[in-house]
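The values are calculated or read from the model by the stated rules, or taken from the named source; none is laboratory data. Just so we're clear, the structure is a prediction, and the values are computed from it rather than from any experiment. Reconstructed Cβ throughout: ideal geometry from the backbone, glycine too, with neighbour counts over all protein chains shown. Areas reflect the complete protein model, heavy atoms only, side chains present, ligands, DNA and RNA absent. Shrake-Rupley method; radii C 1.70, N 1.55, O 1.52, S 1.80 Å.
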Amino acid sequence: MNGTPAYDHAQLQEAAKRHLWLHFTRHSTFDDADVPTIVRGVGQYVFDQHGKRYLDGLSGLFVSQIGHGRTDVAEAAARQAAELAYYPLWSYAHPRAVELAERLAGYAPGDLNRVFFTTSGSEAVESAWKMAKQYFKLTGEPSRYKVLSRYIAYHGTTHGALAITGLPDIKPPFEPLPAGGVRVPNTNFYRAPSFVADDLTRFGAWAADEIERAILREGPETVAAVFVEPVQNSGGCFPPPPGYFGRVREICDRYGVLLVSDEVICAFGRLGYMFGSDRYGYQPDVITFAKGVTSGYAPLGGMIVSDRLMEPYLRDETSFLHGVTFAGHPVSCAVALANLDVFEKEDLLAHVRANEGAFRATLEKLHDLPIVGDIRGDGYFYGIEMVRDKATRETFDDDESERLLRGFLSPALYDAGLICRADDRGDPVIQLSPPLTCGQEHFDEMEQILRSVLSQAWQQL
Ligand SMILES: Cc1ncc(COP(=O)(O)O)c(C=O)c1O
């Protein structure tokens, strides 16, 4: 089959339009347009059904760390499916889950060494919240259930994860959501309040202290956890200001609140380290992960916690009353192990650290365009915020945003051969999160396509 669909182009389009329901997608856009269909991938590139090549500047969806088409990883999946395709982690173990848990515990910072697998990032977040709630019930603090998270942050779509997610516009159809989600400021320095806008460190201290104020407002005895990403994705890549995470850690310790580092995007090399918390030097109580753990060759997620958090679950008749059928699937675990082998053999973390400066410098050339307001991020994870007026940082109104992002930029970038994300869930941004194997030629290709398409976008305004 070679990955080529058995259908011809017209049949595939017809079947896609009649039967396939895409996620977070306006299907009306396909009334008179094709459903973009990707049929295969090689390295940093993917190909559509016409054979056209695209630079995968988003690693699919922040997933394909090692790139596409790796037969060594595919073969690991095939071997595992032949040996043991499935067994649940309900009451049983299987060797690949054990090996992977031990390996992840070895990479994880500090005393994080117990791994609970899921199949996705939303389930990882959901599991972390449930683990925290049950933990506090087991340890005599049953009123702790609330969760703090940051404005515009995305933590997933299942009901619990959606209650933690800070994007207001994707919630109303599903309300009422589980009670207990509380919002605190994020670390968007470009849009910092005026009283801290001239000093990054003071801004970071203010943003961290807002977490303390929220805990005090809610009542510390009701707060279970704070969920934060190392670099917040949604809104366009907000790195932490210097000192921010140290202060958040202190605040969590002061009030007995768990610090959950949601690393569904930021782990596994995205920031040049196995975990984002390593990069910024803080010790979480829980790490949630998914995506890059398998580079997408099979689905897997999970959380890593310390012995301290698991200890109450080890007593007498107690168990964590939670699980899903496909969590820690043997094929996914085998794939994750093979993926991590690639990380080590090719020293991908060192590659990202050695090249991230060049990536940043290449993107920063775009600052000469009038539409480019801010370029921010770390590692291989960048957001470019677009503005109507560079001097005042004035953003676009809803109608301009709609015309610019959905009407023009997304299709124009795709037509030009670059897959990235034009996102207006906060202020309008383009996001880049390419495979970790990318080098200067790929950075240049991204910059050239963005330069041309963003220049056209400016003329259209
Ligand atoms: C930080 C974070 N948490 C959770 C999720 C949800 O992951 P999934 O889509 O695998 O459910 C995402 C997805 O992008 C994410 O970025």
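The spread of Cα positions in segment 390-461, taken along each principal axis and listed from longest to shortest, comes to 37, 22, 21 Å.
Equivalent ellipsoid semi-axes for segment 50-208, as square roots of 5 times the alpha carbon gyration tensor eigenvalues: give them largest first, rounded to whole Å.
Numbers: eigenvalues 230, 132, 63 Å².
Three semi-axes, in Å: 34, 26, 18.
The candidates Arg213, Arg388, arranged from most to least accessible area with a 1.4 Å probe in the full protein assembly, appear as Arg213, Arg388. Across His94, His68, His50, the residue with the most accessible area heads the list, and the full order at a 1.4 Å probe is His50, His68, His94. Pro220 sits among other residues whose Cβ lies under 13 Å from its own Cβ, and their net charge, with Lys and Arg +1 and Asp and Glu -1, is 0.
Loop-located trypsin sites (Lys or Arg not before Pro) across segment 69-134 with a Cβ neighbour count of 10 or fewer within 10 Å are lacking, with loop assigned by DSSP. Viscosity 0.890 mPa s, temperature 25 °C: give me the Stokes-Einstein translational D for segment 78-147 in µm²/s, with Rh taken as the Kirkwood radius over C-alpha pairs. Roughly 170 µm²/s, to the nearest whole number.
Need one number for segment 380-427: average projected area of the convex hull over its C-alpha atoms, nm². Intermediate values should be presented prior to the final figure.
Numbers: hull surface 15.8 nm².
Averaged projected area of segment 380-427's Cα convex hull equals 3.9 nm².
Each Cα pair under 8 Å and six or more residues apart adds its sequence gap; the mean of these over the residue count of segment 1-136 is a relative contact order of 12 percent. The 3J(HN,Hα) values that the Karplus relation (6.51, -1.76, 1.60; θ = phi - 60°) gives for segment 314-323 are, in residue order, 8, 8, 6, 8, 6, 8, 6, 8, 6, x Hz. Gly and Pro appear as x.
Charged side chains reduced to their Cβ positions (Lys and Arg at +1, Asp and Glu at -1) give segment 37-84 a dipole of some 180 debye around its Cα centre. Taking the charge dipole of the chain about its Cα centre, with +1 at Lys and Arg Cβ atoms and -1 at Asp and Glu Cβ atoms, the residue from His9, Met386, Asn113 reaching farthest to the positive side is Asn113.
In plain terms, the C-alpha convex hull of segment 204-339 casts an average shadow of 9.9 nm² when viewed from every direction.
Note on segment 294-392: percent of Cα-Cα distances in each 10 Å bin, starting at 0 and stopping at the bin with the largest distance, equals 12, 22, 23, 22, 15, 5, 1. Here the Karplus relation 6.51 cos²θ - 1.76 cosθ + 1.60, evaluated at θ = phi - 60°, turns the backbone of segment 66-81 into coupling constants of 8, x, 9, x, 7, 6, 4, 6, 4, 5, 4, 5, 5, 4, 5, 4 Hz, with x for every Gly and Pro. Taking 0.692 mPa s as the viscosity and 37 °C as the temperature, the Stokes-Einstein diffusion coefficient of segment 331-461 based on its alpha-carbon Kirkwood radius rounds to 207 µm²/s. Between Gln11 and Glu175, full extension at 0.36 nm per residue minus the direct alpha carbon distance yields a gain of 55.2 nm.
Taking all protein chains as shown and a probe of 1.4 angstrom, Trp206 keeps an accessible surface of around 50 Å².
The residues of segment 238-392 expose, per residue, 34 Å² of accessible area to a 1.4 Å probe. Computed over neighbours whose Cβ is under 14 Å from that of Asp72, the net charge equals -1, Lys and Arg +1, Asp and Glu -1. For segment 1-94, the fraction of C-alpha pairs farther apart than 16 angstrom is 69 percent. The chymotrypsin sites (Phe, Trp or Tyr not before Pro) of segment 277-324 include none that meets both conditions, a loop assignment by DSSP and at most 12 other Cβ atoms within 10 Å of the site Cβ. When each of the peptides 335-341, 449-455 is scored by the mean number of other C-beta atoms lying within 10 Å of its residues, the order from highest to lowest reads 335-341, 449-455. The 3J(HN,Hα) values that the Karplus relation (6.51, -1.76, 1.60; θ = phi - 60°) gives for segment 144-159 are, in residue order, 7, 9, 6, 10, 9, 8, 9, 3, 6, 5, 9, 10, x, 10, 5, 4 Hz. Gly and Pro appear as x.
Dipole size in debye (nearest 20) for the chain around its Cα centre, Lys and Arg Cβ +1, Asp and Glu Cβ -1? Each step should come with its number before you reach the end.
Working: 44 positive and 61 negative charges, 114 e Å.
In debye, rounded to 20, the chain gives about 540.
Quick one: Kirkwood hydrodynamic radius for the chain, alpha-carbon pairs, angstrom, one decimal? If you can, show how the numbers build up before the last one.
On the way: mean 1/r = 0.0435 Å⁻¹.
Kirkwood radius, the chain: 23.0 Å.
Sequence neighbours fewer than 8 away in the same chain don't count; with that in mind, list the lysines whose C-alpha is under 19 Å from Lys146. Output for Lys146: Lys130, Lys133, Lys137, Lys171.
Can you give the helix-only mean residue ellipticity at 222 nm for the chain, where every DSSP H stretch with n ≥ 4 adds -39500 (n - 2.57) and the sum goes over all residues, rounded to the nearest 500 deg cm²/dmol?
Values: 15 runs with 169 residues, N = 461.
Rounded to the nearest 500, it is -11000 deg cm²/dmol.
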